[in-house]
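Heads up: the structure comes next, in structure tokens.
Here, each number is a calculation from the coordinates, and none is a lab measurement. Given the structure is predicted, the values throughout are model-derived calculations rather than measurements. Neighbour counts run over all protein chains shown; Cβ positions are idealised from the backbone, glycine included.
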Amino acid sequence: MTMKNIDTGTLIEAVAFAAHKHRDQRRKDVSASPYINHPIALANVLANEGGVTDLVALCAAVLHDTVEDTDTTESELIERFGPEIASAVMEVTDDKSLDKAERKALQIEHARHMSHAAKLVKLADKISNLRDILASPPADWPVERKQAYFDWAANVVAGLRGANPKLEAVFDSVYAQRNTLRAFY
């Protein structure tokens, strides 16, 4: 496939595609919020807190969980959005055939070797996830699990450092709230 011209229309198409793919999914928070809020939050963090204007990164942000959590394939992303966006999505996609501990270890290991766009998406994902844990965590997560997630996320972000100082400062600010975690009832 030839390189796709990536423009704001592509970004809107990516949002619509992700909304369709995630249409029946919910987050693990107490209110079971619509899943699509998460990918949109990533794009918002990138654009409005990180100053990111790279459309590959913004499109990859809204598409980042489509392969991992829906029936979307890499070839489908290549066909619809081009190889650049598909590649960034695949870099942040966990292999669900591996056990959870191995997937988490691989995120730490692969972080420093990612493309710039994938690093931005991964940074925004960790920021968004930490914020969600602070604001409305999964009901069945004890404080220790929340704190362990914060610490693991910090290990992933250590390999992303240098990608975007603004986003790294946002992550650090959210991470600093780790000690405010409480059991959610």
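Note on the chain: Kirkwood radius taken over Cα pairs, Stokes-Einstein applied at 4 °C and 1.567 mPa s, translational D equal to 78 µm² s⁻¹. Packing here is the average count of other Cβ atoms within 10 Å per residue, and on that basis the peptides 21-33, 82-94, highest first, run 82-94, 21-33. At a Förster radius of 30 Å, what calculated FRET efficiency corresponds to the Cβ-Cβ distance of residue 49 and residue 97, to the nearest 0.05? Efficiency, from the Cβ-Cβ distance: 0.35. Based on the Kirkwood approach, the hydrodynamic radius assigned to the range 66-148 is 14.4 Å, with every pair of different Cα atoms included. Could you check the spin-label model distance between residue 27 and residue 5? Points 7 Å from the Cα along Cα→Cβ, value in nm. Distance between the two pseudo-spin positions: 3.6 nm. Under the criterion of Cα pairs below 8 Å and six or more residues apart, the relative contact order for the chain equals 24 percent.
Each peptide in 143-154, 123-134 was scored by the mean count of other Cβ atoms within 10 Å over its residues; highest first, the order is 123-134, 143-154. Here the simple spin-label model places points 7 Å from the Cα toward Cβ, and for residue 16 and residue 112 these points are separated by 4.3 nm. For the chain, the longest principal axis of the C-alpha atoms and the axis of helix 165-175 are separated by about 30°. Distant-in-sequence amide contacts of residue 26, defined by a placed amide H-H separation under 5 Å and a gap of 5 or more residues or a different chain, comprise 35. Cross-link partners of residue 96 among aspartates and glutamates, defined as those whose alpha carbon lies under 13 angstrom from its own and excluding same-chain residues fewer than eight positions apart: 65, 68, 69, 71. Mean separation of Cα pairs under 8 Å and 6 or more residues apart, divided by the residue count, gives the range 71-178 a relative contact order of 30 percent. Between the range 153-172 and the range 1-70, the alpha-carbon centres lie 20 Å apart. Rounded to the nearest 500, the helix-only mean residue ellipticity at 222 nm of the chain stands at -18000 deg cm²/dmol, with each DSSP H run of n ≥ 4 adding -39,500 (n - 2.57). Candidate cross-link partners of residue 166 among the lysines, defined by an alpha-carbon separation under 16 Å and a same-chain spacing of 8 or more, comprise 119, 122, 126.
Electrostatic tally near residue 29: other residues with Cβ closer than 13 Å to its Cβ, Lys and Arg +1, Asp and Glu -1, net +3.
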